[in-house]
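Shown next, in structure tokens, is the structure this report addresses.
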Amino acid sequence: MSQRVTVAQALELAIEHHNAGRLAEAEEIYTQILAALPNQHDALHLLGLIAHEQENYEKAAELIERAVTFAPEVGEMHGNLALALQDLGRLDEAMARFQTALALNPDFAEGHSNLGHLLLTRGDLETALVHFEQAVSLAPDFVEARNNLADALLEAGQPNIAIPHYRHVLTIKSDLATVHSNLGTALLESGQTEDALASLRKAVQLEPNTDTHWIALAAGIERLCITSIDDAFRTELLTILEHPAVDPQRVVPAILPVLHAILQENGQFLTDTLLQRALALSPFRDFDVEATLTAHRRALLNMPPNILPFACALAQHCFLNEYIFAVTKEEERAIAKLASDPAPSPEVLAILASYRPLYNIAGAEHFLDRDWPAPLTAVLQQQIVEPQEERRLRTCIPTLTPINSDVSQAVRDQYEANPYPRWAKFAKRHTPASIGEVLRSAPLRFDLEGYHSPNAPEVLIAGCGTGQQSLLAATRYKSARILAIDLSLSSLAYAIRKSHEANIENIEYAQADLLMLGHLERRFDLIECVGVLHHLGDPVSGWRVLSTLLRPGGVMKIGLYSQLARQDVISGRAIIKKHAIEPTLEGIHRARELIAEDPATEILKTRHSFYSASELRDLIFHVQEHRFTLPQIVQTLKALDLQFLGFEMHDQQTVHDLRNEQGDRLTDLSAWHAFETTNPDTFRGMYQFWVRKL
């Protein structure tokens, strides 16, 4: 640095470079200033900001802390030091620095916004809102602060107040895709569905390569009923169905009116790509749509022209729902005739695969020796190659415990015959986070006072079925090591194949009876047991075993059937018993026919599980089922020394309704019991809740 240039002039030049993004030039001048004046606080501070921009948070904190030593009265420096400390995970120190910055300069809008953001990440939503509001009051056009305020209001369940803040931000800067996406979510929460969809779509149009926008659009679509689409929306829907972070089974119900309309148009359904992808990726859970599909399947037996793409998609669909569609005697005769063909055409093979799995055909493996059109290759992969791989995998699965009890053996046999559930695509929806971050953030927002997340948590999935839950846990909890157990080798083999398909390697699968896990030496930081305990001979004994495996202070997710919410299931089970229906595919067809005809039970048609053979068997044919009330759960939690943290409620409207009826008593099970008594369908799926070991 020239002797003739003052420090002030050098700083001015460096800041000009810095603001223009010429960081190397700025850094060189800051360094030259410090060579001459090692304690020059502005150069130290600004050099620290460059380190922060370069994500060198240790260096940033060191430099800015030195700057603060020489200029402790400058609030902005304390605020920037807080940001570096926050990025280093030193949250208590960051909090203290933000507070110092605001004590020195109460009108520091950016400091209020940044402190609000830190408070929000720590679960203190109420105080965060105070600081965001203060920041916006001080700087009404401060985009980041107003957006933070809107986000916090949305998380606080106040979408109507958040909406004008999002709109204000967009008047300042209209191309912020994340703001459009969050505005869409707020509009959706407030019931403004048409505007919501437009905002969510605008976000993906602005940033088509940002996964979170597609996830938000898919989540928005899930809550709608789409009756018409244009070409642009059709393209977006195809992208959503194939997106690696989206589960098609959650999106397809919302677009069933569109798909049904396509099915009802002569000829169009044979070539419609959106329909074909939806069929291949998800069951269609609607009785009228099923009737249309069943009629189209029957019509394929007449061999109309140009049927192959649709027939192959339908075959994949029928495999997914495990051939739940009814079959007439006439169809059975026609299929038997087609099956006798030693060299079937692609069309014949696709039609056969829509009535029965190809792996059940003698010599089916020889079909793999022929070259087939691409649509049929996908069917062969699904119905021959993948089942072969599962048969191989089941021979390699370790056994942790014996399965001795009669009930456990009967349950195992059920899931060996019908692995539950069958599914096509895993959606990696979450960025891995610590257990504490997951439980403190939306939609759970639990109060975890004193909880410290383990760096590499040990997680048990007790009753993993075909693997959806274990894959979700493996991708949801950062650095987790997962043990996933189940009674059924068929289910475990399906889960392992799906884990390999998703390139997920932090799951260990094993066959075990959770009632026998008491001798396991391993202990866990988190246990998930959803939809399992109520199928044991003694659910509380099983829960007690799990509790002994949970480390002190550890958390557990439990799923149990509600007595109040399953009255329709009880009626369905009574029909099975009355008519002595066996849990075969033919029996399942017969049960569905009787249920649909009976006004007392036809409400079962609105249940998700009515449209898949394994799921319906699990729903109304299960060999063992217990149901619970919330007072019974209260007694069990007390006996096991477990603290109730809260329900996992993805429908936040239920939470708002409880608050309106019972006040802010989200962890009070007596309040929930009173609410459920007047709203018996609240837990129609099951109670899903989290507890903590005291």
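Between helix 193-206 and the chain there is an angle of about 70 degrees, using the helix long axis and the longest principal axis of the Cα atoms. Using only side-chain charges placed at the Cβ, +1 for Lys and Arg and -1 for Asp and Glu, the dipole size of the chain relative to its Cα centre rounds to 1880 debye.
Amide H to amide H, with H built 1.01 Å from N, Tyr477 comes under 5 Å of Ala433, counting only residues 5 or more places away or on other chains.
If I take R0 = 60 Å and measure r between the Cβ atoms of Glu602 and Val5 in this structure, what FRET efficiency does the formula 1/(1 + (r/R0)^6) give, to the nearest 0.05? That pair, Glu602 with Val5, gives E of 0.10.
Under the simplified labelling scheme, the Asn404-Gln632 pair shows an inter-label distance of 2.6 nm, with each label point 7 Å from Cα along Cα→Cβ. In this rough spin-label picture, where each label sits 7 Å from Cα along the Cβ direction, the Glu55-Asp211 distance is 1.5 nm. For segment 89-106, the Karplus equation 6.51 cos²θ - 1.76 cosθ + 1.60, evaluated at θ = phi - 60°, returns couplings of x, 8, 6, 5, 5, 4, 4, 4, 5, 4, 5, 5, 4, 6, 5, 6, 9, x Hz by residue, with Gly and Pro reported as x. With point charges of +1 on the Cβ of Lys and Arg and -1 on the Cβ of Asp and Glu, referenced to the Cα centre of the chain, which listed residue (Gly89, Leu293, Thr6) lies farthest in the positive direction of the dipole? Checked the options; the winner is Leu293. Packing, taken as the mean count of other beta carbons within 10 Å per residue, orders the peptides 215-221, 146-152, 448-454 from highest to lowest as 146-152, 215-221, 448-454. Here the extension length gained between Ser137 and Leu23 equals 37.8 nm, from 0.36 nm per residue of separation less the Cα-Cα distance.
Close amide H pairs (under 5 Å, H built 1.01 Å from N) link Leu487 with Ala512, residues at least 5 positions away or on another chain.
Segment 624-642 and segment 347-404 have Cα centres lying 42 Å from one another.
Coupling constants for segment 675-682 follow from the phi torsions by the Karplus curve (6.51 cos²θ - 1.76 cosθ + 1.60, θ = phi - 60°), and in residue order they are 5, 5, 4, 8, 9, x, 8, 3 Hz; glycine and proline get x. Counting 0.36 nm for each residue step from His656 to Ala574 and taking away their Cα separation leaves a gain of 26.0 nm. Think of each Lys and Arg Cβ as +1 and each Asp and Glu Cβ as -1; about the Cα centre, that makes the dipole of segment 83-139 roughly 100 debye. The local environment of Ser434, defined by Cβ-Cβ distances under 11 Å, has a net charge of +1 under the rule Lys, Arg +1 and Asp, Glu -1. Within segment 118-158, list the residues whose amide N lies under 19 Å from a label point set 7 Å along Cα→Cβ of Asn679. Taking a point 7 Å out along Cα→Cβ of Asn679, the residues of segment 118-158 whose backbone N falls under 19 Å are 155-158. Report the calculated FRET efficiency for Ile397 and Ile172 (r = Cβ-Cβ distance, R0 = 56 Å), to the nearest 0.05. The value I calculate is 0.45. Taking a ≥ b ≥ c as the square roots of the eigenvalues of the alpha carbon gyration tensor, segment 565-620 is rounded, as a/c is under 1.5.
In the chain, what percentage of the DSSP-assigned beta bridges are antiparallel, given to the nearest 5? Roughly 35 percent of the DSSP beta bridges within the chain come out antiparallel.
Would you mind classifying segment 182-259 by shape? Square roots of the alpha carbon gyration tensor eigenvalues, ordered a ≥ b ≥ c; an a/c under 1.5 is rounded, otherwise it is prolate if a/b is larger than b/c and oblate if not.
The shape class here is rounded.
Compare the peptides 523-529, 20-26 by average per-residue count of other Cβ atoms within 10 angstrom and give them in order, highest first.
Most protected by this proxy first, the peptides run 523-529, 20-26.
Is the shape of segment 189-234 best called rounded, prolate or oblate, per the rule: a/c under 1.5 gives rounded, else a/b larger than b/c gives prolate, else oblate, with a ≥ b ≥ c the square roots of the Cα gyration tensor eigenvalues? It is oblate, given that a/c is not under 1.5 and a/b is not larger than b/c.
The residue among Ser479, Cys464, Phe675 whose Cα reaches farthest toward the positive pole of the charge dipole of the chain, with charges on the beta-carbon of Lys, Arg, Asp and Glu, is Cys464. By how many degrees, 0 to 90 and rounded to 10, does the Cα axis of helix 652-662 deviate from the longest principal axis of the chain? Its long axis makes an angle of about 80 degrees. Each of Arg522 and Thr667 was given a label point 7 Å from its Cα along the Cα-to-Cβ line. The distance between the two points is 3.0 nm. Using the Cβ-Cβ distance between Glu194 and Asn160 with R0 = 22 Å, the FRET efficiency computed as 1/(1 + (r/R0)^6) comes to roughly 0.85. Rounded to the nearest whole Hz, the Karplus-based 3J(HN,Hα) values (6.51 cos²θ - 1.76 cosθ + 1.60, θ = phi - 60°) of segment 567-578 follow the sequence 5, 5, 5, 4, 5, x, 5, 5, 5, 4, 5, 4, with x at glycine and proline.
Every number in this text was worked out from the coordinates using simple rules, so none of it is lab data. Note that this is a predicted model, so its numbers are computed, not measured. Here the Cβ is made from the backbone with ideal geometry for all residues, glycine too, and neighbour counts use every protein chain on show.
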